[in-house]
Amino acid sequence: MWKDKRGVESGYFEILDLILIMLIAGSFSVFLINLNSDTYFERDFIAKDISLFEHALYASPGEVEKYEYYSPQEIVYVLETKRTRMARDVIDVEVPTKKERRGLDLSLFNIIFTTNKVEVAEKNQQNGVTYYAYNRPNFQDQNINGKETFTFKESERLEIIADE
Amino acid sequence: MNKLHLAKKGQAMEEMAHIPRVFLLVVLVFVIYGLISLGIKNNADISQAESELILQRILYSTQGISYYDLELQRLYPGTVDLNKFTTRYLESIFSLPNEDQHISARIELKTNDLEIAPVYINEEWFNRWLPLTSFLGKGGKNLATETLPITIIKDNNKIQGILRIEVITPR
């Protein structure tokens, strides 16, 4: 491509190096973007949490009339420092200006309950993350699609009711 | 002319020197990817909590081995109904699928008056996994054990005994 004073051609491998660097940087970027948007951990957490919860309900020494299941969330208040007057002094006070909800959002997922498995999948996803469940034989399979909360009830058998 | 000929040979050596560079680059990419993947944990380990809950379910559930009075609808913790103390009944508590390889348990009752054989959930896998409970890490198994004094109810008779439950779950 290019020739220096001695007539030695060069430039091919530098271009190849550039292409390689762009490929590697591009693939790492795609990997990180996929990692950020992946919900495997959330689905795995919900499946295992529900499985443990079903064990806990069955382990109760009596009936459970109603237990509302909701995703663990925390409310975070963002504080800002504002100058305000109190008596004759001007002081700095931290005031909440913004409220954010952080945590899992159950309404993003579809949850499938069967006698032996709990499966949590994203909407429009066929196969999700499954975990073991050990429900009794009289358990009826149930699907909860895109709900923020749902209710468990355990008397003669375990029931799961989607909240409207 | 001679200079050009030599220059071409020098260029060929330069080209060959790039091959190990590309190979090293590929190796480095895989090493970096591996290091990043090692730092990412996308699995929650609940084996310890699960084995404790299964133990609680065997002991304190209305369908468990504790004595449950149907008329009063009351469970008596600390008592064991000997009629329920069979492998078949225990496995029906959990509705195990065929060839389940996730939970296993052994329950032993010791009394001075009676000899009672231990009962199991998934006996085959319990015996296989028991030696693995002393290993740490992913290949090891979690063992939850509970030993408590209980009252055994047999044909309306009460006998004192010791109950030992061992539950094994994989990590």
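The values are calculated or read from the model by the stated rules, or taken from the named source; none is laboratory data. Keep in mind it's a predicted model, so treat the numbers as computed, not measured. Every residue, glycine among them, receives a Cβ derived from its backbone with ideal geometry; neighbour counts consider all protein chains shown.
Laid out as a table, the results:
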read-out: Qualifying residue in segment A:143-151 (condition: within 14 Å of the chain's Cα centre (by Cα), among the hydroxyl-bearing types (S, T, Y) and more than 23 Å from B:F94 (Cβ to Cβ)); value: no
read-out: Residue count, segment A:47-65 (criterion: assigned to a helix (DSSP H, G or I) and touching a helix residue (DSSP H, G or I) at 6+ places or on another chain (Cβ under 7 Å)); value: 4
read-out: Options A:P72, A:P61; residue that is more than 26 Å from the chain's Cα centre (by Cα) and within 14 Å of another protein chain (Cβ to nearest Cβ); value: A:P61
read-out: Residue list for segment A:95-124, filter: within 18 Å of A:D49 (Cβ to Cβ) and assigned to a loop (DSSP other than H, G, I, E, B); value: A:L104, A:D105, A:T114, A:N116
read-out: Residue match in segment A:89-105 (condition: surrounded by 11 or more Cβ atoms within 10 Å (Cβ to Cβ), within 13 Å of chain B (Cβ to nearest Cβ) and among the acidic types (D, E)); value: no
read-out: Top-ranked residue of segment A:29-63 - restricted to ones that are β-branched (V, I, T) and surrounded by fewer than 16 Cβ atoms within 10 Å (Cβ to Cβ), ranked as farthest from A:Y131 (Cα to Cα); value: A:V30
read-out: Top-ranked residue of segment B:129-171 - restricted to ones that are of a type in the set (A, V, I, L, M, F, W, C) and touching a Gly at 6+ places or on another chain (Cβ under 7 Å), ranked as farthest from B:Y68 (Cα to Cα); value: B:L132
read-out: Selection within segment B:101-126 - free of Cβ contacts under 8 Å to residues at least 24 places away in the same chain and among the acidic types (D, E); value: B:E115, B:E124
read-out: Residue check for A:N135: of a type in the set (S, T, N, Q), within 29 Å of B:Q63 (Cβ to Cβ) and either within 12 Å of chain B (Cβ to nearest Cβ) or out of contact with any Ser or Thr (no Cβ under 8 Å at 6 or more places or on another chain) (or both); value: yes
read-out: Unique match (being modelled with pLDDT of 85 or more, exposed (fewer than 14 other Cβ atoms within 10 Å of the Cβ) and within 12 Å of chain A (Cβ to nearest Cβ)) among B:R74, B:R57, B:R88; value: B:R74
read-out: So A:I46, is it within 14 Å of chain B (Cβ to nearest Cβ) and among the β-branched types (V, I, T); value: yes
read-out: Elements of type strands (runs of 3 or more DSSP E) contained in segment B:63-171, each with 2 or more residues being closer than 22 Å to A:A133 by Cα; value: B:104-110, B:119-121, B:141-154, B:157-170
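Rundown of residues vs (1) out of contact with any helix residue (DSSP H, G or I) (no Cβ under 6 Å at 6 or more places or on another chain); (2) modelled with pLDDT of 80 or more; (3) under 21 Å from B:R21 (Cα atoms); (4) at the interface with another protein chain (Cβ under 8 Å from one of its Cβ atoms), yes/no style:
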| residue | (1), (2), (3), (4) |
| --- | --- |
| A:R6 | no, no, no, yes |
| A:E9 | yes, no, yes, yes |
| A:I19 | yes, yes, yes, no |
| A:L23 | yes, yes, yes, no |
| A:F31 | yes, yes, no, yes |
| A:T39 | yes, yes, no, no |
